[in-house]
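Written out below as structure tokens is the structure these notes cover.
The values are calculated or read from the model by the stated rules, or taken from the named source; none is laboratory data. These numbers were taken from a predicted model, which means no experiment stands behind them. FYI the Cβ positions are ideal-geometry reconstructions off the backbone, even for glycines, and counts take in every protein chain you see. Remember, those area values only see protein heavy atoms, side chains included, never the ligands or the DNA or RNA. Shrake-Rupley method; radii C 1.70, N 1.55, O 1.52, S 1.80 Å.
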Amino acid sequence: MLSLRIDQFEFDDPGSEEALEIDISRKSKFPHPDVSSFVGATVGVKAASELPEPKPFYLVQARSQVSEYVKRFANIELPLHSDWPTYALENESWDETHLVICGVEVFIRYQWSTSA
């Protein structure tokens, strides 16, 4: 698994006080054969046992920003109109986005926040 932690100084405006965590794991028999095992490893067992129903990535409100930041920091293309199953681990709000995206060959956990 690859884990990235990006602080406010990596964004265009450090005054925005943005923070970003991205975890990436390829889908494989071990250690992450399914989304529950990936969420359990990155967020916790409780979150894995309470996964909401997924929705297609193209219905995520912040998909443009998610796609831009995942490409910029992890060099992974997230097509804006993809139907990849996406789990919202927190209710979407203007100051936080916490998602798990199930790509074709990878799981991606994306947690962005700002305190500005």
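Descriptive notes on the structure:
- Residue check: Glu96 meets all listed conditions (1) closer than 19 Å to Met1 by Cα; (2) of a type in the set (D, E, K, R); (3) open to solvent by 40 Å² or more (accessible area, probe 1.4 Å) but one, namely (1).
- If you filter the stretch 106-116 down to residues that are modelled with pLDDT of 95 or more and not polar (S, T, N, Q), you find that the one that is most open to solvent (accessible area, probe 1.4 Å) is Val106.
- Exactly one residue among Ala88, Ala41 is modelled with pLDDT of 95 or more, among the aliphatic types (A, V, I, L, M) and either under 18 Å from Thr114 (Cα atoms) or surrounded by fewer than 13 Cβ atoms within 10 Å (Cβ to Cβ) (or both), and that residue is Ala88.
- Residue among Ser28, Ser82, Ser67 that alone is over 14 Å from the mean Cα position of the chain (by Cα) and farther than 17 Å from Met1 by Cβ: Ser82
- Scanning the stretch 72-85 for residues that are open to solvent by 40 Å² or more (accessible area, probe 1.4 Å) and either in contact with a Gly (Cβ under 6 Å, 6 or more places away or on another chain) or closer than 26 Å to Asp12 by Cα (or both) returns Arg72, Phe73, Asn75, Glu77, Pro79, Leu80, His81, Trp84.
- Residue count for the stretch 44-71, restricted to those that are farther than 19 Å from Trp84 by Cβ and either charged (D, E, K, R) or open to solvent by 80 Å² or more (accessible area, probe 1.4 Å) (or both): 4.
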